[in-house]
Amino acid sequence: MLNDPRSHGLWEATAPKAPITAALDRQISADVVVVGGGYTGMSCALHLAEAGRQVVLLEGREIGFGGAGRNVGLINAGPWLMPDDLTARLGSLHGERLLRLLGEGPAMVTDLIDRHRIDCELERNGTLHCAVGAAGLTEIREREAQWQRRGAPVEVLDADETEKRLGTRAFAASLLDRRAGTLQPLAYARGLAQACLRAGAMICTSSPVVAAGKKNGRQIVTTPGGTVEAEWVVVATDAYSTGPWIGVRNEQVHLPYFNLATPPLGAELLQSILPGREGAWDTNTILSSFRLDRAGRLVLGSVGALRNTGTAIHKAWARRALSKLYPHLVDIGFEYEWYGQIGMTKDAMPRFHKFAQNVIGFSGYNGRGISPGTVFGRELALLILGEKTETDLALPQSELQEISSLGLREAYYETGAQIAHLTSAWY
């Protein structure tokens, strides 16, 4: 994509081919037009098409172009916030409803993968949230307590058990979440697209929406090559939003995140490095993540953009971090590098927006797009199908809240990540 190996990196190199699609080039009508070819849009389109609705999905670039094709690939259960913090902000009714919904999210993802036979390197062995020092240990113990009160299968592992699972002694402990797992994110996105097409949905790529309105009681969505008339519009563009719904992008700070992948490590090394293939990330404010792909490449990621001065700084940090985690990999190097943008809302909460009558969308996943995007896509489909009402949703409706001085804030985070990685080997 973009003829730039740093846009989607390893994932584009190893994903199955994208389905054959074309740009919208005429006027058509449908029951629902879905805008955005990421997890939310495709989950919504798939569930609607399976229920017999006529669906047109419009993607401005390519399937999985945004966060869906660039992320780490962790199928997380639950939101970024601590469970009790979430219920304090949303109230008990919506808070507990959202925790249940997102806690069950990985099971929904794996069910879709199984049912549609999506080849996306699925690993079902959980994730490890790794504690850095005493503060990190306190954090994961509190997460364990709050989730266990809600019946979730999470457990703090001591340093010895953490070392067995990770192959490194770098962490004080880890929180194992057995609900979670990993996958190849772009492969999952393309697999969802294939499932949408088989279910009867129409997908038009290279079809950015440039205008939207209403005529004779119907929604009209316009692209450079054509228009779609429909009863409903689903806005599923999230942090990469442009055009009529750019307000969705403007209520999220873009936090850059990069990944670097080693060559395949080989059978001997893989006996000790993540032998259970869990996905892992740490408790630092400037967090880092690491996992394996199917071929045995170690994928190491952290906050930052691989551009300008950041390219050299972050790659040098990654080499130091890798040598701290796994000293025997000090000379192995990296085979792929890429980065994207995480959309962060002011309060780290997702949003449900009703932009106009029959124009709806979820957004603001704060670095946890795979499971929430899939789940919220289904929720939008159920709302359109009449199987749920707005009062049944896990989130109340909220108005757009654009963030002031957005460019300055984003420059601050990008520069801050460079400073942190220039001065530290690990956190």
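The values are calculated or read from the model by the stated rules, or taken from the named source; none is laboratory data. In this text, all values refer to a predicted model and were calculated from it rather than measured experimentally. Here Cβ is always computed from backbone atoms with ideal geometry, including for glycine, and neighbour counts include all displayed protein chains. Surface areas here come from the heavy atoms of the whole protein model, side chains and all, with no ligands, DNA or RNA. Shrake-Rupley method; radii C 1.70, N 1.55, O 1.52, S 1.80 Å.
Confirm whether residue 262 is more than 20 Å from residue 39 (Cβ to Cβ) and polar (S, T, N, Q). Yes; evaluated as a whole, the condition is true for this residue. Selection of first residues in region 263-278 that are of a type in the set (S, T, N, Q) and of second residues that are open to solvent by less than 40 Å² (accessible area, probe 1.4 Å), restricted to Cβ pairs under 6 Å at least 6 apart or on distinct chains, gives the following pairs, ordered by first then second residue: 272/167. Residue count for region 1-49, restricted to those that are at pLDDT 95 or above, over 27 Å from residue 379 (Cα atoms) and not in a helix (DSSP H, G or I): 9. On the stretch given as region 287-310, residues that are surrounded by fewer than 17 Cβ atoms within 10 Å (Cβ to Cβ) and farther than 21 Å from residue 14 by Cβ total 3. Applying the set (1) touching a helix residue (DSSP H, G or I) at 6+ places or on another chain (Cβ under 7 Å); (2) more than 30 Å from residue 64 (Cα to Cα); (3) outside any loop (DSSP other than H, G, I, E, B) to residue 143 leaves exactly one unmet item: (1). Do we have any residue at all in region 225-234 that's part of a loop (DSSP other than H, G, I, E, B), in contact with a strand residue (DSSP E or B) (Cβ under 9 Å, 6 or more places away or on another chain), surrounded by fewer than 21 Cβ atoms within 10 Å (Cβ to Cβ) and modelled with pLDDT under 95? No, region 225-234 has no match at all. In region 344-352 there is no residue that is of a type in the set (S, T, N, Q) and either modelled with pLDDT under 95 or farther than 14 Å from residue 251 by Cα (or both). Residue 330 meets all of the listed conditions (1) touching a residue at least 24 places away in the same chain (Cβ under 8 Å); (2) touching a Leu at 6+ places or on another chain (Cβ under 9 Å) but one, namely (1).
Among helices (runs of 4 or more DSSP H) entirely within region 76-128, having at least 2 residues that are under 17 Å from the mean Cα position of the chain (by Cα) singles out 92-103, 105-115. Exactly one residue out of 418, 397, 357 is polar (S, T, N, Q) and either under 30 Å from residue 324 (Cβ atoms) or in contact with a Gly (Cβ under 9 Å, 6 or more places away or on another chain) (or both): that is 418.
Consider region 166-207. How many of its residues are open to solvent by 10 Å² or more (accessible area, probe 1.4 Å), under 24 Å from residue 300 (Cβ atoms) and part of a strand (DSSP E or B)? Going through region 166-207 one residue at a time, the tally reaches 2.
The residues in region 68-108 that are in contact (Cβ under 8 Å) with a residue 24 or more places away in the chain, out of contact with any Gly (no Cβ under 8 Å at 6 or more places or on another chain) and of a type in the set (A, V, I, L, M, F, W, C) can be counted, and the count is 7.
You will find that of 112, 122, the residue that is within 30 Å of residue 2 (Cβ to Cβ), among the aliphatic types (A, V, I, L, M) and open to solvent by 20 Å² or more (accessible area, probe 1.4 Å) is 122 and no other. None of 274, 260, 255 is hydrophobic (A, V, I, L, M, F, W, C), open to solvent by less than 10 Å² (accessible area, probe 1.4 Å) and within 19 Å of the chain's Cα centre (by Cα) except 260.
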